[in-house]
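The values are calculated or read from the model by the stated rules, or taken from the named source; none is laboratory data. Small disclaimer: the values here were computed from a predicted structure and weren't measured. Cβ placement follows ideal geometry from the backbone for every residue including glycine, while neighbour counts extend to all protein chains displayed.
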Amino acid sequence: MCGYVGSHKDLYLTSAVVRGNMGRIDAVLDNKLEDRFRMEVAKRYGVKKGVMLRAISEAIEAWVSTDESKKLARTLAKPIRDPKASVSVKQHAVTALASTGIAGRELLADIGADSSIPDSVREQAFKAISAQSDR
């Protein structure tokens, strides 16, 4: 099974199922982007067999995980804005939101600036942002 997936700017993709649980994606990249990627891979992992596949897999996983983290962060933030939720529930939600890392940082900033949210929760949101920055 093989087919044209699409193109965007200087990226052209095709996809195929190679073996049972393995897929294949062919991508044509802009030369500058490819060179930057290869240099970064060489710096991180050296020039060994399999490192490009490892780096590409990590890049795709990070991209997919970022989207999943954003969805999780939005879900975790819901009780914080719920007027019926207790302060304790809101504080637990801030702690959970802080664990989503970068994905939750923007939501934490919004929570910290929202005057309808209890001061103790807003303060906790700011502390969580500060703790992320210190890492």
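Figures for the structure shown
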quantity: Boolean, Thr100 is β-branched (Val, Ile, Thr), surrounded by fewer than 14 Cβ atoms within 10 Å (Cβ to Cβ) and either more than 28 Å from Ile25 (Cβ to Cβ) or touching a helix residue (DSSP H, G or I) at 6+ places or on another chain (Cβ under 8 Å) (or both); calculated: no
quantity: In segment 79-135, residue farthest from Asp67 (Cα to Cα) [restricted to those that are in contact with a Pro (Cβ under 7 Å, 6 or more places away or on another chain) and of a type outside the set (Val, Ile, Thr)]; calculated: Ala85
quantity: Single condition Pro79 does not satisfy, out of (1) touching a Leu at 6+ places or on another chain (Cβ under 9 Å); (2) over 30 Å from Asp26 (Cα atoms); (3) buried (at least 16 other Cβ atoms within 10 Å of the Cβ); (4) without any contact (Cβ under 8 Å) to a residue 40 or more places away in the chain; calculated: (1)
quantity: Candidates Asp82, Asp30, Asp26, Asp67, filtered to the one that is under 23 Å from Ser120 (Cα atoms) and acidic (Asp, Glu); calculated: Asp82
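For every residue, the table says whether it meets (1) surrounded by 11 or more Cβ atoms within 10 Å (Cβ to Cβ); (2) charged (D, E, K, R); (3) at pLDDT below 90; (4) over 30 Å from Gly23 (Cβ atoms).
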| site | (1), (2), (3), (4) |
| --- | --- |
| Lys84 | no, yes, no, yes |
| Gly104 | yes, no, yes, yes |
| Arg122 | yes, yes, no, yes |
| Gln132 | yes, no, yes, yes |
